[in-house]
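Asker: Mind looking over this structure? Questions follow.
The values are calculated or read from the model by the stated rules, or taken from the named source; none is laboratory data. Only a predicted model underlies this, so the values are computations on that prediction, with no experimental measurement involved. Methodologically, a virtual Cβ is constructed for each residue, glycine included, from the backbone with ideal geometry; neighbour enumeration extends over all protein chains shown. Heads up: the accessible areas ignore ligands, DNA and RNA and are worked out on the full protein's heavy atoms, side chains in. Shrake-Rupley method; radii C 1.70, N 1.55, O 1.52, S 1.80 Å.
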Amino acid sequence: MKILDYTSLSSQKSPINQAFHDQGIIGVRGVPGFEDAHKAFLQSSRDFIGLSNEKRSQYTPPDSYGRGWSYGIESFNNITDTFKGSYYATYPEEDAKTPNIWPDKDVPDFKKNYLNLVKIIFETGKEILPLINVSIENLSSTARMLYYGPIHNPKAVEWCGEHRDHGLLTGLCPGTYYLDGKKVPQPSGTGLFIRGEEIVAPDDVLLFQIGEVAELVTNGAVTATDHQVRKAIGGYERYNLAVFIMPPFTYAIESTLTKYNDRFSPGVSYGDWHQRSYDKYNQT
Ligand SMILES: [Fe+2]
């Protein structure tokens, strides 16, 4: 994986495009405040996971998965992610159609630490997009804290099957693993795989992957990143935060590509594209 220095990003246009094209991912080192924000986020996330089931489920809304907490109920390509929990939020918060949900009563610093890390990832992503010739105003994002619970059965499904993200750019933290409550290195053969290759990222590196809309609007200059998350057997837990950066829902997508014609037609709004993509991957 190509790791670039944050301070020299703007002068690295060509290597960034090359890396996105060849590997589908870049790492950025030295993003101001990232490491401290990530540590604080992990602490709050572990505090949240440490709550009782009853307490956590108070933050699961009945109406949608797209905000607050859910565990073991989402399905992807008709496979239920029994061992996966998510805590979703919209950022900036004022973009949320229905307000974000926060566990202020049980983990008072969760909201602050979550949003602080999302902001750092979102702002860094906004600096990267023009470098791949994507200039869209009023960008928004959905953030997802991911918690992969302990698995003991080797036949269990993977933590996340292979797919592409359908927005513009996805910012990701390095996956953080715990075993018996202690932070441990990524067990080999687990975690993020891109195009079949295992990605091991140091703790101080922020990762970015390409989404399908970036492929569309660049007419294929960058290619959406096929990726999966492979499970670790033996009681490991894994935490992460992904920030899916996207255009506003009213943005009209234009492209000369035809490969996404199952969902794409010229001028389709991002909102319609988002709904079609969601329907495609969540058919029941
Ligand atoms: Fe993904």
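Asker: Of the residues in the range 151-160, how many are in contact with a strand residue (DSSP E or B) (Cβ under 6 Å, 6 or more places away or on another chain) and not aromatic (Phe, Trp, Tyr)?
Answerer: Number of matching residues: 5.
Asker: So which residues in the range 246-284 are assigned to a loop (DSSP other than H, G, I, E, B), among the hydrophobic types (A, V, I, L, M, F, W, C) and farther than 21 Å from residue 94 by Cα?
Answerer: Those that are assigned to a loop (DSSP other than H, G, I, E, B), among the hydrophobic types (A, V, I, L, M, F, W, C) and farther than 21 Å from residue 94 by Cα: 257, 264.
Asker: Out of the range 225-246, which residues are aliphatic (A, V, I, L, M) and open to solvent by 10 Å² or more (accessible area, probe 1.4 Å)?
Answerer: Scanning the range 225-246 gives 229, 233, 246.
Asker: Hey, could you check the range 139-165 for residues that are among the aromatic types (Phe, Trp, Tyr) and open to solvent by less than 10 Å² (accessible area, probe 1.4 Å) and say which is nearest to the ligand (Cβ to nearest atom)?
Answerer: Ranking the candidates gives 159 first.
Asker: Pairs needed: first member in the range 38-49, over 14 Å from residue 105 (Cα atoms) and hydroxyl-bearing (Ser, Thr, Tyr); second member anywhere, open to solvent by less than 10 Å² (accessible area, probe 1.4 Å) and part of a helix (DSSP H, G or I); C-beta distance under 9 Å; at least 6 residues apart or different chains.
Answerer: Between residues of the range 38-49 that are over 14 Å from residue 105 (Cα atoms) and hydroxyl-bearing (Ser, Thr, Tyr) and residues that are open to solvent by less than 10 Å² (accessible area, probe 1.4 Å) and part of a helix (DSSP H, G or I), the close pairs are 45/110; 45/114.
Asker: For the range 93-101, indicate whether the set of residues that are within 24 Å of residue 201 (Cβ to Cβ) and out of contact with any Cys (no Cβ under 8 Å at 6 or more places or on another chain) is non-empty. Before the answer, list the steps.
Answerer: From the range 93-101, those within 24 Å of residue 201 (Cβ to Cβ) are none; that's our starting set.
No.
Asker: Check every one of the strands (runs of 3 or more DSSP E) wholly within the range 150-227 and list those with 2 or more residues that are touching a helix residue (DSSP H, G or I) at 6+ places or on another chain (Cβ under 6 Å). Explain how you work it out, then say what you get.
Answerer: Working: elements: 160-163, 169-172, 176-179, 182-184, 191-194, 205-210.
Here the list reads 169-172, 205-210.
Asker: Of all residues in the range 202-230, count the ones that are in contact with a strand residue (DSSP E or B) (Cβ under 8 Å, 6 or more places away or on another chain) and within 15 Å of the ligand (Cβ to nearest atom).
Answerer: Residues in the range 202-230 being in contact with a strand residue (DSSP E or B) (Cβ under 8 Å, 6 or more places away or on another chain) and within 15 Å of the ligand (Cβ to nearest atom): 15 in total.
Yes/no per residue for (1) at positive phi; (2) surrounded by 20 or more Cβ atoms within 10 Å (Cβ to Cβ); (3) more than 15 Å from the chain's Cα centre (by Cα):
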residue	(1), (2), (3)
216	no, yes, yes
219	yes, no, yes
223	no, no, yes
248	no, no, yes
256	no, no, yes
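Asker: Among the residues of the range 166-198, count how many are open to solvent by less than 20 Å² (accessible area, probe 1.4 Å) and farther than 15 Å from residue 239 by Cβ.
Answerer: Selection size over the range 166-198: 7.
Asker: Looking at the structure I just gave you, is residue 242 closer than 30 Å to residue 39 by Cα and not in a loop (DSSP other than H, G, I, E, B)?
Answerer: Criteria met by residue 242.
Asker: While we're here: For the structure I just gave you, tell me whether residue 242 is under 27 Å from residue 198 (Cα atoms) and out of contact with any Leu (no Cβ under 8 Å at 6 or more places or on another chain).
Answerer: no
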